[in-house]
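S.K.: I'd like to ask you about the structure that follows.
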Amino acid sequence: MNKIKFWGITLALATLLSCSQQKRYISYTVKDGETMRDIAKRIDVKTEDLVRLNPDVGESPSTNSVIIIPNPEYKKSIPLIQDDEKDKTSDLGTKENTEQSSENENTVEEENSSIKKVDSTQVVRTVMTFKKHTVQAGETVYRITKQYNISKDELINLNPQFPRLKDNYLDVGQELKVKVAEKKVIYISREEDLKNHVTHTVKSKETVYGLTRFYNITKDDLINLNPEYPEIADNQLQIGQVLRIRSLEDNLDTFSSELFIDSIAEVDESIKLALLLPFRAKEYDSISFENIFDPTKRKRANANLANLVTDFYMGSEMAIDSIKKLGINVDVSVFDTGNRGNMIEKILEKGVLDDANAIIGPFYSNKVKDVAKNTKAPVIFPHFSRNQDQFSSSSIVKSAPDKITRSRILGKYLNKTYNGENIFIVSDGDKVSDAQAKEITQILKSNDSIENVYILKPEKNYISKERFTDKMKPNSHNWVIIAATERAIIANAVNSMVVLPEGITAQVFSIEKTDKTYENIDNNTLARIGFTYVTDNFSKYDDDNMNEFIRKYKKKNNDIPSEYAIRGFDITYDVLMRLASGEQLLETYKKGTSIRLKNKFEFNKKLFGSVSNQGLFIVKYNPDLTLERIK
């Protein structure tokens, strides 16, 4: 009897020990022709869950590749995010001694579950260590893929930080991941996991669309980084949710400003907006439509101005209509400032601007000071002028960033992403170009790793290609920064970078890109050199809000909106939406950054002086000619 008890107890202990050692996840070798969908169906899990456990594989794994799957023999399906109290015995891994942790997690939603508190959950993460290869002189992408029996696409996916692999570019000494050496699943508390990410706490009125535009991520990025909140897929957010935005390992700039949240205060008074625009109605009264707007039939400058003003007003008009449809009362007064603003003095004498909450205009920089001096409301200068640096009144709002701000944002981006490149700056040699070149140089040289920055200026209106290549090291990657504004000098520098000696590559950057200065350079050339530039307006080609605006504008005006029409909409909508909060306009600028259709409004108020917009994007040409916002 005692022997029976002994063996019974022994068997029970063995069973318990076996269960306790049973792994939740096991390795699986992919068979020929199998897809992640096939495997997921066989083990009864969602395909997207399996893909998230194996972020290095994708939906079509290679034959004989090893992936991680939930162990079918485990006593039951275990949620990938679970309460600590329910699972005290799980083996918690750490991120130490690993070289990369995937940003993909997975959750199983429980019935009637609510948002889980930060410190009461665990997150499952797939952690991988990699076999690496250091690039030697003379090696090619093709040779490396054959050496390690991987495809070019696999090499690219393993090394997203080196986008030039797509174009077969390598740098000597470059360290590439070539194989997954080890893959395992660990559990980490959600609280610890959040510390490894840039996070955002959801506030009232915030939207998925607004967050993705502000942080320059896709909706899919937001969903994949926050699987415990599946309602994001339906554009639903809840106040207090702490969302992961991106990994700290991405080494991208964090955001110094908050996102401005649109809100509508319950007030009885209407918002009073004044528009000061040079329609020049009396002058044009006896002139035909064609002679006003067609640059071939009258002075080009006058025709261009007529088009700009008209487009700006039509965009502004659509913004006012959109605001009114939100139930906001707006009282708009439109004034024709005449030829070069000669009617402004009479407008001011009548006192019709005294009660305005905001004034958009005038168009001429030399008239802005007069309006600001004789009115109480903020005066929004609606476009860029080289004379805007002279604005000193604290009530003047410069809606377009200045040249030095462009130089600073590009310089800071390059300083942060520098990886041993040779750096050239191309200047016209004039005062403005030299100032921008000096600003970028100072920022770059604050990086201890950057020893030389070569500033090239034209000699007899020309910069020879040899002045670049003589300073380019063999098997090197180079940066060429355009601070020039002369078309001939820009084309000269850009074309010099298209074909370089073997083993030498270059990427061209610019402080700005205007149609006038780059009209002689085709987009294919810009794509070949990875042309990257600073701009004050950008939207994705598939942006729903932008496309809806184009549709409505075309229906109303029988034309496609110009950049000035979009600018008119964005400036007017932003001003009215901020005033709708019930606060003074200048006070709302302290509350955060807003991004409208294409324009970003991130205002900085100096202790003494006007209010300046710092809202800029950095955009890059991809090989397929699409534009990508990289900052």
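S.K.: Considering only 225, 165, 198, whose Cα is most displaced toward the positive end of the charge dipole of segment 162-225, charges sitting on Cβ of Lys, Arg (+1) and Asp, Glu (-1)?
M.R.: Towards the positive end, the residue furthest out is 225.
S.K.: Continuing with the same structure: Take peptides 475-483, 410-418 and line them up by average Cβ neighbours within 10 Å, highest first, as a rough protection proxy.
M.R.: Ranking the peptides 475-483, 410-418 by packing returns 475-483, 410-418.
S.K.: Arranged from highest to lowest average of other beta-carbon atoms within 10 Å per residue, in what order do the peptides 592-600, 556-564, 508-516 appear?
M.R.: Top to bottom by mean Cβ count within 10 Å: 592-600, 508-516, 556-564.
S.K.: Let me ask something else. Kirkwood hydrodynamic radius for segment 119-204: how many Å is it when counted over pairs of different Cα atoms?
M.R.: Evaluated on segment 119-204, it is 15.4 Å.
S.K.: How much length would be gained if the chain were fully extended between residue 470 and residue 393, taking 0.36 nm per residue of separation minus their Cα-Cα distance, in nm to one decimal?
M.R.: Taking residue 470 through residue 393 to full extension adds about 22.8 nm, to one decimal.
S.K.: Oh, and also: Pull up all non-local amide H partners of residue 506: gap of 5 or more, or a different chain, and H-to-H distance under 5 Å with H placed in the peptide plane.
M.R.: Answer set, sorted by chain and number: 478.
S.K.: Still on this model: May I ask you to give the solvent-accessible area per residue for segment 152-240, in square angstrom, as obtained with a 1.4 angstrom probe?
M.R.: Heavy-atom SASA per residue in segment 152-240 reads 49 Å².
S.K.: Would you work out what percent of the accessible area of segment 464-580, with all protein chains in place, is carbon or sulfur (probe 1.4 Å)? Don't skip to the answer; put the middle values down first.
M.R.: Details: 2360 of 5320 Å².
Using a 1.4 Å probe with all protein chains present, segment 464-580 comes out at 44 percent carbon and sulfur.
S.K.: Is segment 393-482 rounded, prolate or oblate when judged by the Cα gyration tensor, a ≥ b ≥ c being the square roots of its eigenvalues, rounded requiring a/c under 1.5 and prolate requiring a/b larger than b/c?
M.R.: oblate
S.K.: Given +1 on the Cβ of Lys and Arg, -1 on the Cβ of Asp and Glu, and no further charges, what dipole in debye does segment 545-631 carry about its Cα centre, rounded to the nearest 20?
M.R.: 60 debye
S.K.: Using a probe radius of 1.4 Å on heavy atoms only, what accessible surface per residue do you get for segment 397-488? Whole Å² is fine. Don't skip to the end; give the middle numbers.
M.R.: On the way: 4480 Å² over 92 residues.
I get 49 Å² per residue for this part.
S.K.: Using +1 at the Cβ of each Lys and Arg and -1 at the Cβ of each Asp and Glu in segment 407-509, identify which of 505, 488, 437 lies farthest towards the dipole's positive end.
M.R.: 437
S.K.: Could you size up the charge dipole of segment 146-230 around its Cα centre, putting +1 on the beta carbon of Lys and Arg and -1 on that of Asp and Glu, and report it in debye to the nearest 20?
M.R.: Computed about the Cα centre, the dipole is about 120 debye.
S.K.: Once you've got the Cα coordinates, tell me which of 203/556; 398/513; 131/195; 195/219; 416/513; 205/554 are over 24 Å apart. List each step's numbers first, then the result.
M.R.: On the way: 203/556 35 Å; 398/513 20 Å; 131/195 27 Å; 195/219 21 Å; 416/513 22 Å; 205/554 30 Å.
Where the Cα-Cα span goes over 24 Å, the pairs concerned are 203/556; 131/195; 205/554.
S.K.: Given the peptides 393-402, 191-200, arrange them by the average over their residues of other C-beta atoms within 10 Å, most packed first.
M.R.: Working: 393-402: 21.2, 191-200: 16.9.
Highest to lowest by the protection proxy: 393-402, 191-200.
S.K.: Along the charge dipole of segment 299-421, pointing to its positive end and built from +1/-1 on Cβ of Lys, Arg, Asp and Glu, which listed residue (312, 414, 341) has its Cα farthest out?
M.R.: Towards the positive end, the residue furthest out is 414.
S.K.: Then there is this: What does the C-alpha gyration tensor say about the overall shape of segment 548-612? Classify as rounded when a/c is under 1.5, otherwise prolate if a/b is larger than b/c, or oblate.
M.R.: Since a/c reaches 1.5 and a/b is larger than b/c, the shape of segment 548-612 is classed as prolate.
S.K.: Amide H neighbours of residue 333 under 5 Å, at least 5 residues apart or on other chains, H built in the peptide plane: list them.
M.R.: 273, 274, 275
S.K.: Go ahead and run the numbers for FRET between residue 560 and residue 449, Cβ-Cβ distance against an R0 of 56 Å, rounding to 0.05. Can you show the working numbers first?
M.R.: Numbers: r = 46 Å, r/R0 = 0.83.
So the FRET efficiency works out to roughly 0.75.
S.K.: Using modelled amide H (1.01 Å from N, peptide plane; none on Pro or chain starts), what sits under 5 Å from the amide H of residue 596, excluding residues fewer than 5 places away?
M.R.: Those qualifying (amide H under 5 Å, at least 5 residues apart or on another chain) are 601.
S.K.: Roughly how big is segment 433-501's charge dipole about its Cα centre, with Cβ charges of +1 (Lys, Arg) and -1 (Asp, Glu), in debye to the nearest 20? Can you show the working numbers first?
M.R.: Numbers: 9 positive and 8 negative charges, 33 e Å.
So the magnitude is around 160 debye.
S.K.: Can you give me the % of accessible surface on segment 339-463 that is carbon or sulfur? Probe 1.4 Å, all protein chains present, nothing else counted.
M.R.: Details: 2590 of 6360 Å².
It is 41 percent, rounded to a whole number.
The values are calculated or read from the model by the stated rules, or taken from the named source; none is laboratory data. This is a predicted model, so every value here is computed, not measured. Glycine gets a Cβ as well: all are built from the backbone with ideal geometry, and neighbour counts include every protein chain shown. Protein only, heavy atoms only, side chains kept; ligands, DNA and RNA dropped before computing areas. Shrake-Rupley method; radii C 1.70, N 1.55, O 1.52, S 1.80 Å.
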